[in-house]
1. Which loop trypsin sites (Lys or Arg not before Pro) in region 1-106, with loop taken from DSSP, have no more than 12 other Cβ atoms within 10 angstrom of their Cβ?
2. With charges set only on the Cβ (+1 for Lys and Arg, -1 for Asp and Glu), what does the dipole of the chain come to about its Cα centre, in debye to the nearest 20?
3. Can you figure out the FRET efficiency of Glu67 with Glu205, using R₀ = 51 Å and their beta-carbon distance, to the nearest 0.05?
4. Note down the Stokes-Einstein diffusion coefficient of region 124-261 in µm²/s, whole number, using a Kirkwood radius over alpha carbon pairs, 10 °C, and 1.306 mPa s.
5. So how tilted is helix 110-120 from the main axis of the chain? Cα-based, degrees 0 to 90, rounded to 10.
6. Please report Met216, Met181 as a ranked list, fewest other C-beta atoms within 10 angstrom at the top and most at the bottom.
7. So for the chain, what percent of the C-alpha to C-alpha distances run longer than 27 Å?
8. With +1 on the Cβ of every Lys and Arg and -1 on the Cβ of every Asp and Glu, and nothing else charged, how large is the dipole of region 28-150 about its Cα centre, in debye rounded to the nearest 20?
Amino acid sequence: MPSRPAAGIHGTKMVARDVKVFYGAKQALKGINLEIQENRVMALIGPSGCGKSTFLRCLNRMNDTIENCRVEGLIALDGEDVYGKSIDAVQLRARVGMVFQKPNPFPKSIYDNIAYGPRIHGIASHRDEMDEIVQTSLKRAGLWNEVKDRLREPGTGLSGGQQQRLCIARAIAVSPEVILMDEPCSALDPIATAHIEELIDELRENYTIVIVTHNMQQAARVSQKTAFFHLGDMVECDDTEEIFTNPRDERTQGYITGRYG
Ligand SMILES: Nc1ncnc2c1ncn2[C@@H]1O[C@H](COP(=O)(O)OP(=O)(O)OP(=O)(O)O)[C@@H](O)[C@H]1O
């Protein structure tokens, strides 16, 4: 296996500058500045309600779908403002895919769950090409061997852990550059969780990953960078090891030692 690139040589994939988010009159994010490096996993941690999911949803404009939500500031992908007028949110979400807390396969076959995105984005023109995409996506998500003989069966018939890997395969099928994961293991048992964590580690060779997690061990296991959020602020962001062994801010220290949150 080729050795992983050393820390520090990863380019910046996404940037947040002074990002503020409001739900009606209530401010949920107070001016977030963050850089997300490519081919790395960034974990977003912090007490419930601090704004982790809100921030994650800014990165692929999922907040657009929430009626009273307003976003200010800059979010850039490869230097381009994702809220810019020329950016189509559907195309953006193909580049910045998302996996949710609860596995949410479509009520379709395993095959069609994967083929759905490539179909609507016109990615495959022939059946053979689509078969190839389905197979590659399921392989990358570590699910192929378990489902290759039942591709026409419903995705909802899989176990929870398999369904989550199906959702990851579905995200991968449209060749995203960034994958956002919002507590992807919280509905899974420890074995399925270990499987997803291994997968995340493999996926970072090809994708940039941002994961929200409440599980501190998980953040420590899967991420190279960690950002700690508190009451709508991003308090500190550093190498994961540094955050967990030598945090600079006492709020981070309080959270990782379990004093609150
Ligand atoms: N759709 C919404 N409408 C109104 N307020 C919202 C909405 N979504 C989130 N909020 C509020 O914004 C703040 C941040 O919420 P968010 O879900 O981003 O936090 P979080 O850190 O992801 O929390 P958790 O860890 O509990 O999932 C909270 O005060 C929450 O109540």
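All of the numbers you see were taken from the coordinates with simple rules; none came from a lab. These numbers come from a predicted model, not from an experiment. Every residue, glycine among them, receives a Cβ derived from its backbone with ideal geometry; neighbour counts consider all protein chains shown.
1. Lys85
2. Rounded to the nearest 20 debye, it is 560 debye.
3. On the way: r = 38 Å, r/R0 = 0.75.
Once rounded, the FRET efficiency stands at 0.85.
4. 95
5. 70
6. With the sparsest Cβ surroundings first, the list reads Met216, Met181.
7. That fraction is 38 percent.
8. With Lys and Arg at +1 and Asp and Glu at -1, about 420 debye.
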